[in-house]
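Notes to accompany the following structure.
The values are calculated or read from the model by the stated rules, or taken from the named source; none is laboratory data. This is a predicted model, so every value here is computed, not measured. No Cβ is skipped: glycine too gets one built from the backbone with ideal geometry, and neighbour counts run over all protein chains shown. Accessible surface areas use protein heavy atoms only, side chains included; no ligands, DNA or RNA. Shrake-Rupley method; radii C 1.70, N 1.55, O 1.52, S 1.80 Å.
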Amino acid sequence: MPLLPGAEPYRHDGGEVGVLLCHGFTGSPQSMRPWGEYLADRGLSVSVPLLPGHGTRWQDMQITGWQDWYAEVERELLALRDRCRRVFVFGLSMGGSLTLRLAARHPSEVSGIALVNPAVRAYGAAFKAVPVLRHLMPSVAGIASDIAKDGQAEVGYDRTPLHAVYAMTRLWRLVEADLPRVTAPLLLMTSRVDHVVDPANSDVVAAGVGSTDITRRTLDRSYHVATLDHDAEEIFRTSYAFVRRLEPEAAPATEGTADEVAGG
């Protein structure tokens, strides 16, 4: 199945400090690519994988589950670790859930994590109906492009597959239960207004993790897909400073555009 334009994975081989970026549910690497390019331009090695079932058509997500999505980011983490001295993991929305699971299961491999509007808990009555509703209707309206900035759009599905929603809620239960096992330094960035993920999720994460090094930032001008919104540059700068604080030998900023490799 052909990829949606812009949904291609992104990779850059830079220095000995690597960053894995995990995109969100029904989205694609396009929502993370500007962030990845910013880090690559500063000499870091970067990987932005495409999660299985994403970036093509929403029907393809119906035959995938959280195990498939997690397996992809775990492979990328271990591949980065093979060629980098230290690896950080950043995630948006469900990508934040996957980031937290990586940090819980691979504490020695993850040097720090940065989360933007992470999702770990189902809020609202609609989620309670998903286990039954998914057998009656395949999809509901899409959630892509919750962005305040005019002219910006997210490459994602216009329908939300309900079997995949059910799979995601099962992931959330596991992630929340394992939050105390997350001990990596945490940068947590949360939009004040989010129409997709309740900002209370960030409070659950902050209260539940075992990390003692926690930095929180509020994003006042962005909605859910903040990596493409008004606060994107703040996210990029803050996360790079986070890496440099924890890894002072990370490559300093350099001029020019990073080489990029898109592919499967």
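Structure data summary
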{"quantity": "Contact order normalised by residue count of the chain, Cα under 8 Å, 6+ apart, percent", "calculated": "24"}
{"quantity": "Share of carbon and sulfur in the accessible heavy-atom surface of segment 10-246 [1.4 Å probe, %]", "calculated": "50"}
{"quantity": "Approximate spin-label separation residue 57-residue 183, in nm, with each point projected 7 Å along Cα-to-Cβ", "calculated": "4.8"}
{"quantity": "Dipole magnitude of the chain, debye to nearest 20 (Cβ charges: Lys/Arg +1, Asp/Glu -1, about Cα centre)", "calculated": "780"}
{"quantity": "Local electrostatic count, residue 50, Cβ distance below 13 Å [Lys/Arg +1, Asp/Glu -1]", "calculated": "-2"}
{"quantity": "Separation of alpha-carbon centers, segment 27-85 and segment 133-156, rounded to whole Å", "calculated": "19"}
{"quantity": "Dipole of the chain, positive end: most advanced residue of 36, 54, 138 [Cβ charges, Cα centre]", "calculated": "138"}
{"quantity": "Loop sites in segment 100-175: chymotrypsin sites (Phe, Trp or Tyr not before Pro), DSSP, at most 13 other Cβ within 10 Å", "calculated": "123"}
{"quantity": "Loop sites in segment 141-191: trypsin sites (Lys or Arg not before Pro), DSSP, at most 11 other Cβ within 10 Å", "calculated": "none"}
{"quantity": "Segment 88-190 shape via C-alpha gyration tensor axes, a/c threshold 1.5", "calculated": "oblate"}
{"quantity": "Residue 4 versus residue 68: modelled label distance in nm, points set 7 Å from Cα along the beta carbon direction", "calculated": "1.6"}
{"quantity": "Relative contact order for segment 1-142, counting Cα pairs under 8 Å that sit 6 or more residues apart, in percent", "calculated": "24"}
{"quantity": "Charged-residue dipole, Cβ positions (Lys, Arg, Asp, Glu), segment 114-228 about Cα centre, Debye nearest 20", "calculated": "260"}
